[in-house]
Amino acid sequence: MRKLYLLLTFIALATTTALAQWNTNATPVCIYSAAGQGDYYAVDPKVARTADKKTWIAWRTWGKKDINGRKIDAVRTYLQLLDIDGKPQFDEPIMVNDHITQSSWSEYALQAAADGSAIVTVADGRAEEANLPEGYSHSDGYSPAIYKIDQEGNFLWGLDGVEFRDYREAEYTNCFVVGEDTWFTFFNQYYGEVTESTDLTNFGIFIQRINDDGTTLWDKPRKVGDDFSFQPQIIASEGTDFLYFDETPLGSRVQRMNRDFEGVWSEAVLYDNNKYDGYEMNHYRIVSDGKGGAAVAFVWPMGQFSHNVRVQHINADGSLGFGLTGLDAANTVDNDYDYCGIAANPETEEILVDFESQLESSYDVMLQKFTYDGDYCFDELGVSIASKSRQEAFAYGRVGSGALKGGDWIVAYRDVQAYGANTSFVIRRYDKDNNRVWTKTIGRNLDPSRITFIVEPEASYLFYREDSSSKNPGITIFRISNDGNYTVDYSDGIDDVKTQPTAVNAYYDLNGRKLAQPAKGLNIVRHTDGQVEKVIR
């Protein structure tokens, strides 16, 4: 296992976080404290849930690295695993990467692999670090890398992951898991002046398939675009196929791809003729429809200060369920609707969109529901589930939603009393006829950022960072049973533990390097069912 090089503050905090677990009431739990550490400590949390109901949480911390007596900026990425009860599994968080980097934040990603391991992408200055020039500035480059770390803390793809050091300006990285494959995307930017002689071969948007054992599909990542305003998004379709979303000058499109990155449909499908012109890298909210297709929600500009929320359903065969350009979530001339989310229920074949209304007179959290064929289930204006006049308070803010069996929905939003502070979460369950089943108010005087809301069959989860104006800044977790209680019975939700041994899939040494055969001494053995154990030979 990789030796964990941690800041002394992490060691001091380990004893206070090791016993953390899920809340037993409406008070969220801070599992990793950032008290007194400022706004650049334990920031930008990412979350991934595993099939065995554990939780990976990643975050980043700003610091300095000593290289030949020089203190260079280093943004370190950390990783922690929570068991089914919410208890951290590592006494000290795993430091994923420890390389110099730019002073601006790069974009990183976290996903859970099919075997329960964590997939983490980063971008940092590893290409410069080996031979640091005298005049080096910490704004001189990012190289992308991707790691796989199992639930024992082993680096399965090496201590520095799968690296692409030929790309030196790749701040934005992302990853998507489809079956046993991981698709790694990054954007390598060119900052110089472009002339007719400029070679842009290594600049643009790139994709690479990383196999389960860390090998790649191609010798070099494949270039798939030049446009900075988006990064591709991927969602599983049927079998090992996936839906690949990107943009062109004509608008937004989708293509069904096989695992060799070959198109399955005769051509890509243009599902929105508006080209996004903002700064959010993944502005389209995409969710599987459970039948090989996807539902998409996105904000559509309607003028200088007006927006509407558009919705589209894409079938597994490439046909569009909501017409050529989708439908309005709120079909009205009052166009100041924004910040949307989307969920789908394959059982009832319905799509729920949650979004914000910020009209002249009020702030509202809105819901709209569609059938897979594009019929409005509510009034075409949508349904307001929370409303305040502008004179009454600052705003409401949407958080997310998810589907339950039988056609019920879980919806979360924020009750915002002032800008960036004095916030509480409200979580509600609605039945299939939009009747409120229960409402819970979570926390008081919160200052949350980077909120993730996940709805699963038994329970729903909130993950976020409490910022500096909070009484408990740091990484915060919350769980509520979908029956409105704070305890969850998983007795029917987890498969029985296998008692029969399975075949060996691979051997690794303690540094995470794959071995052709077991070595003398201590080996990391991974079985075909994803289980990992340590064996002495």
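Residues 165, 414, ordered by accessible area of protein heavy atoms at a 1.4 angstrom probe radius and largest first, appear as 165, 414.
Placing 467, 373, 354 in order of accessible area, with the largest value first and a 1.4 Å probe, yields 373, 467, 354. In this structure residue 513 has an accessible area near 130 Å², from a 1.4 Å probe over the protein heavy atoms. Taking label points 7 Å from Cα along the Cα-to-Cβ direction, residue 273 and residue 224 give a separation of 2.6 nm. Accessible-area rank, largest first, for 215, 371, 24, 476: 24, 215, 371, 476, with all protein chains present and a 1.4 angstrom probe. Taking the accessible area of the range 414-456, probe 1.4 Å, and keeping the other protein chains in place, the carbon and sulfur fraction comes to 38%.
Return the loop-located GluC sites (Glu not before Pro) in the range 321-422 (DSSP other than H, G, I, E, B) with at most 13 other Cβ atoms within 10 Å of their own Cβ; answer none if there are none.
347, 360, 380, 392
To the nearest 10, the accessible area of residue 446 is 10 Å² with a 1.4 Å probe. The residues of the range 437-482 present an accessible area of 37 Å² per residue when probed at 1.4 Å with all protein chains retained. The mean of 1/r over all pairs of different alpha-carbon atoms in the range 345-443, once inverted, gives a Kirkwood hydrodynamic radius of 14.1 Å.
Taking other residues whose beta carbon is less than 10 angstrom from the beta carbon of residue 145, and scoring Lys, Arg as +1 and Asp, Glu as -1, yields -1. Which of rounded, prolate, oblate describes the range 391-490, given a ≥ b ≥ c as roots of the alpha-carbon gyration tensor eigenvalues and a/c under 1.5 marking rounded, otherwise prolate only if a/b is larger than b/c? Because a/c hits 1.5 or more and a/b fails to exceed b/c, the range 391-490 counts as oblate.
Take the convex hull of the alpha carbons in the range 166-251; its mean projected area over all directions comes to 6.8 nm². Here is the list for the range 140-243: chymotrypsin sites (Phe, Trp or Tyr not before Pro) lying in DSSP coil, each with at most 15 other C-beta atoms within 10 angstrom of its C-beta, are 190, 191, 218, 228. Solvent-accessible surface (1.4 Å probe) assigned to residue 302 amounts to roughly 90 Å².
The values are calculated or read from the model by the stated rules, or taken from the named source; none is laboratory data. Remember, predicted model here, so these are calculated numbers, not experimental data. Positions of Cβ are backbone-derived with ideal geometry, glycine not excepted, and every protein chain shown enters the neighbour counts. Quick note on the areas: whole protein, heavy atoms, side chains included, nothing else; ligands and nucleic acids left out. Shrake-Rupley method; radii C 1.70, N 1.55, O 1.52, S 1.80 Å.
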